[in-house]
Amino acid sequence: MKVTPIVWNRTINLPFLATIGAAVFAAVAWTSAVNARLDRLEERTRALPEIEVKIARMDERGESSKAALARIEDRLNRQEQSK
């Protein structure tokens, strides 16, 4: 039995390219919809007063932790230099 090769002409390429284009368009549309939904969720979350207060407290704790770490490092450096 003789196998004839597939001829890649415009009649085959155009539907294939159209299918690929539709898939890419769907993927981009889905991604942008997900990003928009995540943005709205973040805005609503940040709008909650208790969340905003918790975030502010966490920022304050982070700053105080950085300051405490700097004091400890300074003390260790002075001890090391005095040896």
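FYI, it's all coordinate maths here, none of it is from the lab. Small disclaimer: the values here were computed from a predicted structure and weren't measured. Every residue, glycine as well, gets a Cβ built from its backbone with ideal geometry; the counts of neighbours run over all protein chains shown.
Out of all the residues in segment 20-39, is one or more in a loop (DSSP other than H, G, I, E, B) and of a type in the set (A, V, I, L, M)?
No, the conditions are met nowhere in segment 20-39.
Are there any pairs, at least 6 apart or on different chains, whose C-beta atoms fall under 8 Å, with the first in segment 20-45 and of a type in the set (Ser, Thr, Tyr) and the second surrounded by 10 or more Cβ atoms within 10 Å (Cβ to Cβ), and if so, which?
Thr45/Ile51
Please indicate, with yes or no, whether at least one residue in segment 70-83 is outside any helix (DSSP H, G or I) and under 24 Å from the mean Cα position of the chain (by Cα).
No, the conditions are met nowhere in segment 70-83.
Would you mention how many residues in segment 41-56 are part of a helix (DSSP H, G or I) and surrounded by 10 or more Cβ atoms within 10 Å (Cβ to Cβ)?
Number of matching residues: 11.
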